[in-house]
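Shown next, in structure tokens, is the structure this report addresses.
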Amino acid sequence: MTCMVRAFACSLAVTAVAAALAQKAPRPFSLDISVPHDTVKMSAPIVVEVQLKNTSDHVIYRTSLPGGEIHGEMVGFPPIVRDANGKEPPLTKWGRLVFGRDTPEDNSSGLVLNGLLRVPMPPGEVMKTEIRLSELYDLSMAGKYTVQVRRYDQENKERVRSNIIAVTVVP
């Protein structure tokens, strides 16, 4: 009986150690999005504000464009946009180019999107950028759209998704 108790205790200890080793490191950042207006007219621009915060105790890195922080989709925050039926709305010509889905009709040969910079973010630093959804997607149809952005977590080797927001386009 004592042998069985020892074997059971040893089994529990091995399971606890394996579980502790399998846990991921805490995420080194928080990722949140918002919109100034959750209801917009069909022709109005739709801008999503993205906020990345280093919540770790060490430097992490982000990407940046030389011209500023106005194209979050190009500096590591690709949006996920869905209509009320769960479908992705059509991309604009710019959206197709940014997401690598350009067509021969887009006549984008020779245009190269590059120039990203790797920028350190000390603990506690907040980076703000925006995504101009109406430049990436054809959102000319009235309806409700959900938006989320994602970013790759280098430390945990996983894609992280932000909160989901809703935007309603009205005539």
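Below is a table of values for the structure above.
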read-out: Nitroxide proxy distance, nm - points 7 Å out along Cα→Cβ at Gln51 and Glu88; value: 2.8
read-out: Per-residue HN-Hα couplings for the range 155-171 [Karplus 6.51, -1.76, 1.60; θ = phi - 60°; Hz; x = Gly/Pro]; value: 5, 9, 6, 8, 7, 10, 10, 7, 5, 9, 10, 10, 10, 10, 9, 10, x
read-out: Flagged links, alpha-carbon separation over 27 Å, of Lys128/Lys157; Lys53/Lys87; Lys93/Lys157; value: Lys53/Lys87; Lys93/Lys157
read-out: His71 long-range amide H proximity, modeled H, under 5 Å; value: Glu130
read-out: Karplus-derived HN-Hα couplings along the range 39-50 (A = 6.51, B = -1.76, C = 1.60, θ = phi - 60°), whole Hz, x at Gly and Pro; value: 10, 9, 6, 3, 8, 7, x, 10, 10, 9, 8, 10
read-out: Glu105-His58 FRET efficiency (beta carbon distance; Förster radius 41 Å; 0.05 resolution); value: 0.30
read-out: Computed E for Thr168/Ala25 - FRET, C-beta separation, R0 45 angstrom, nearest 0.05; value: 0.75
read-out: Ranked by how many other beta carbons lie within 10 Å on average, peptides 31-39, 97-105 from highest; value: 31-39, 97-105
read-out: Equivalent ellipsoid dimensions for the range 25-170 as semi-axes, Å, which come from the Cα gyration tensor, largest first; value: 27, 20, 13
read-out: Distance (nanometres) between label positions extended 7 Å along Cα→Cβ at Glu155 and Asp32; value: 1.9
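Each reported figure results from applying straightforward, stated rules to the coordinates on display, with no laboratory input. Worth saying up front: this structure is predicted, and the values here are computed from it rather than measured. So basically every Cβ, Gly included, is an ideal-geometry build from the backbone, and we count neighbours across all protein chains shown.
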